Amino acid sequence: MFKEERKETRFEWNMLGDIQAGRPNLGTTMDVAVYRLMQFTLRDVLIQKYGVKEADEIYFMAGEHAGKEFFSNLIKEKTDFNKFVLELKEVLEKLRIGIMRIEKADLENMKFTIVIAEDLDCSGLPVTDEEICTYDEGFLSGLLRSFTGAEFDVKEVDCWCSGDRVCRFSAERKD
Amino acid sequence: MNKDFKEDNASSSFQPGTGELVAKIEIIDRITGTIHNVLKGKKLEVIEIPADLPDNEIRQLVEYVNNFVKEYNSFSDFMYSMARGELDYSPPKSSMVVAQSFKSLQSSLRHLAYVTQRISSGDFEHKVSFMGDFSEAFNKMAQQLKDAFEKIEKQNAELKNANEIITAEKEKSEKLLLNVLPLKVAVELKESGKSEPQLFENVSVFFSDMVGFTALSSNLEPRLLISELNDIFTRFDEIMEKNSCERIKTIGDAYLSVCGMPMKNEAHAYNLVASASEIVKYLNQRNEKAEIKWKVRIGIHSGALVGGIVGVKKYIYDIFGDTINTASRMESCSEPMKINVSETTYDLVKDKFHFVDRGEIEVKGKGRMRMYFMEDGAHE
Ligand SMILES: [Zn+2]
């Protein structure tokens, strides 16, 4: 199930398991630092093995995959964009992933500016002049693609790591 | 870490030194001048670095001041544009806390603008979270808007409902008006609020009376009596309408109708005599089964009359003139289940029906008048 060789996805939501049952004492949440420990050690090894560009691509792909699964398993609104945004914002807050705010939504041209404050991945990291939330870029891309059926260019334009207080993503439909 | 975290790449990295250093007064003055301009709200200018200035702590200080001047200037432009409400302005890259704070403020304002737009298009579920006092004030406003909107929607629905009732009632009253008034008159009254009396030259008038009504009515229960008359007159109405005739009124057991007004009708006499004939036939048929056998006496006369609305609150369309009196006399001179017509009417329809000449008969207040029984309806 988890360790089979594969050329295409074998991921299923139930692979996440019954956490409630499995951790009756420790519960379903843990420290964010532990999540980051995994994020950045994995990134470290991927860069060593494949280089920065490949590592970024892997992160983006994984994020996009997660976005799609997230959409089909946790989001109910599948038609009205404004309601979708509303629900997404609530779910992201409830799961403590981040505080999503829409700065701009041009539905006609499918152009968005989305801000994630207190982002799980990067808020509080040392400032390095880098935008490092590649996983989030993929994640948003997967969500938007699932909702609209169109492909999106998602780019993190501001990040905690680049000196901002929030992560800001510009998303635009690919022509 | 994940990528190479680059060092702070300001143009010159801060290098603390030791010992003493001599600086030119001019350079110190330029630095003081720059700080002075910051405090006085003046525009800052980059300090020109003399070519011969050695690469020491003084040069480092001037370079730092210049970096500050550049960031400060672009930050000022940004702040100024935001103060004017231009939320589209691209914020400058700067790590200064003030610049970062204003960038956050811009982000919050942009988000507020977005949520406001959503709310203004009726999406009241949108809320602002984790934005301090903003959130509470804004969400409260949104909730109140939602409540107010729902209240208005509710009122609108009630209003619509009330409107529908009024429309239905209006239709009902118009229909009622039509029952009381001839169509042409009802339309005139509806459109202009009044209807002038009008002379009609060629009209036939029908009068009928139930034979022995007074005697019968004293023996019958009133409710049954009304139900009987209602049944009979409803059929009379149908027959009249079918033949383009119009009932004017009923008075007790008397039934008054006309043809040739308010719409002109060349065949007024024919239509009315034909109706009379059908009425007699109908009653004969009815009497075969009904318990109470009604007999009718009919008189018809043709001539001129005046029609108009009488009354202000209760509209009654009525007709006036000697023609009606004569028609009434024709009826009183008629016999049970017979149709008695005047000579005028006879002349108009003698080719269409069979008549029996009754000769001249004395009519109260009118002298002698020639009358005819229509043969068709004269069987008992
Ligand atoms: Zn980020």
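The values are calculated or read from the model by the stated rules, or taken from the named source; none is laboratory data. Here the structure is a predicted model, which is why all the values come from computation and not from measurement. Every residue, glycine as well, gets a Cβ built from its backbone with ideal geometry; the counts of neighbours run over all protein chains shown. The area values use the complete protein model at the heavy-atom level, side chains included, leaving out ligands, DNA and RNA. Shrake-Rupley method; radii C 1.70, N 1.55, O 1.52, S 1.80 Å.
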Expressed in Å to one decimal, the Kirkwood Rh of the range B:271-315 from all distinct alpha-carbon pairs is 13.6 Å
If every Lys and Arg gets +1 and every Asp and Glu gets -1 at its Cβ, then about the Cα centre the protein assembly as shown yields a dipole, in debye to the nearest 20, of 2020 debye
Quick tally, 1.4 Å probe accessible area for A:Thr29, A:Thr41, sorted with the most first, runs A:Thr29, A:Thr41
Quick calc, the range B:194-378, dipole around Cα centre from Cβ unit charges on Lys, Arg (+) and Asp, Glu (-), nearest 20 debye, gives 320 debye
For the B:Lys146, B:Glu196 Cβ pair and Förster radius 56 Å, calculated FRET efficiency rounded to 0.05 is 0.45
Scattering profile of the range B:247-380 from the Debye formula, Cα beads only, expressed as log10 I(q)/I(0) at q = 0.11 Å⁻¹, is -0.41
Restricting to Cα pairs under 8 Å and 6 or more apart, the percent relative contact order of the range B:28-127 works out to 16 percent
SASA check, B:Ser195, accessible area w/ 1.4 Å probe, all protein chains in place, rounded to nearest 10 Å², comes out at 20 Å²
In Å³ per residue, the alpha-carbon convex hull of the range A:13-173 encloses 123 Å³
When A and B pair up, the total accessible heavy-atom area removed from solvent (1.4 Å probe), in Å² to nearest 100, is 2600 Å²
The range B:73-225 accessible area per residue, 1.4 Å probe, protein heavy atoms, integer Å², reads 64 Å²
Of every hundred units of 1.4 Å-probe accessible area on the range B:145-281, the number belonging to carbon and sulfur atoms, as a percent, is 54 percent
Computed for the range A:13-173: size of charge dipole around the Cα centre, +1 on C-beta of each Lys and Arg, -1 on C-beta of each Asp and Glu, debye to nearest 20, value 460 debye
Computed over the range A:120-165, the convex hull of the Cα set has an average projected area, in nm², of 3.2 nm²
Per the beta carbon screen (other Cys under 4.7 Å), unpartnered cysteines of chain B come out as B:Cys333
The answer for GluC sites (Glu not before Pro) in the range B:283-359 that fall in a DSSP coil and have at most 11 neighbouring Cβ atoms within 10 Å is B:Glu291
In whole Hz, the Karplus estimates of ³J(HN,Hα) for the range B:322-335 (6.51, -1.76, 1.60; θ = phi - 60°; x where Gly or Pro) are 5, 4, 5, 4, 5, 4, 4, 5, 4, 5, 5, 8, 7, 10
Taking every C-alpha to C-alpha distance in the protein assembly as shown and binning by 10 Å from 0, the per-bin percentages run 3, 12, 15, 12, 7, 5, 5, 6, 8, 9, 8, 5, 3, 2, 0, 0
Counting sequence-distant residues (5 or more places) and residues on other chains, those with an amide H built under 5 Å from that of B:Glu335 are B:Ile298
The relative contact order of the range B:299-380, taking Cα pairs under 8 Å that sit 6 or more residues apart, comes to a percentage of 29 percent
One can check that the equivalent ellipsoid of chain B, built from the alpha-carbon gyration tensor with semi-axes equal to the square roots of five times its eigenvalues, has lengths in Å, largest first, of 111, 22, 16
Taking every other residue with Cβ under 12 Å from the Cβ of A:Glu103 and scoring Lys and Arg +1, Asp and Glu -1, one gets +3
By accessible area (1.4 Å), largest first, A:Arg173, B:Arg358 order as A:Arg173, B:Arg358
Taking a straight Cα-to-Cα line shorter than 17 Å from B:Lys43, and setting aside same-chain lysines fewer than 8 residues away, one finds B:Lys70
Quotient of Cα radius of gyration and Kirkwood radius for the range B:166-318, i.e. Rg/Rh, equals 1.00
In vacuo Debye sum over C-alpha of the range A:79-175, base-10 log of normalised intensity I(q)/I(0) at q = 0.18, 0.20, 0.21, 0.23 Å⁻¹, listed in q order, is -0.79, -0.96, -1.06, -1.24
The rounded separation in angstrom of the Cα centers of the range B:65-121 and the range A:19-63 is 33 Å
Mean separation of Cα contacts under 8 Å (at least 6 apart) over the residue count of chain A, i.e. the relative contact order in percent, is 20 percent
Flagged as over-length at 29 Å C-alpha distance, from A:Lys68/A:Lys155; B:Lys194/B:Lys350; A:Lys76/B:Lys146; B:Lys172/B:Lys293, the pairs are B:Lys194/B:Lys350; B:Lys172/B:Lys293
Taking only the alpha-carbon atoms of the range A:1-63, the convex hull volume per residue, in cubic angstrom, is 120 Å³
Treating every alpha carbon of the range B:19-152 as one equal point scatterer without solvent, the Debye formula yields log10 I(q)/I(0) values at q = 0.10, 0.18, 0.19 Å⁻¹ of -0.54, -1.01, -1.07
Helix B:133-180: inclination vs chain B longest Cα principal axis, degrees, rounded to 10, gives 10 degrees
Between the alpha carbon centres of the range A:2-16 and the range B:154-216 the gap in Å comes to 81 Å
Note to self: C-alpha centroids of the range B:228-247 and the range B:251-323 sit apart, in Å, by 8 Å
A student asked for the Cα radius of gyration and Dmax of the range A:58-110 in angstrom ought to give 12.0, 31
Summing -39500 (n - 2.57) over every DSSP H run of at least 4 residues in chain A and dividing by its residue count gives a helix-only mean residue ellipticity at 222 nm, to the nearest 500 deg cm²/dmol, of -14000 deg cm²/dmol
The Kirkwood hydrodynamic radius of the range B:166-247, taken as the inverse of the mean 1/r over all distinct Cα pairs, in Å, comes to 15.8 Å
Under the helix-only model (-39500 (n - 2.57) for each DSSP H run of 4 or more, divided by the residues of chain B), the mean residue ellipticity at 222 nm, to 500 deg cm²/dmol, is -17500 deg cm²/dmol
In this structure, among B:Lys93/B:Lys127; A:Lys53/A:Lys111; B:Lys295/B:Lys338, pairs with alpha-carbon gaps over 21 Å are B:Lys93/B:Lys127; A:Lys53/A:Lys111
Rh (Kirkwood, all Cα-Cα pairs) for the range B:110-185, Å, reads 16.0 Å
For B:Ser94, the accessible surface traced by a 1.4 Å probe with all protein chains present amounts, in square angstrom to the nearest 10, to 10 Å²
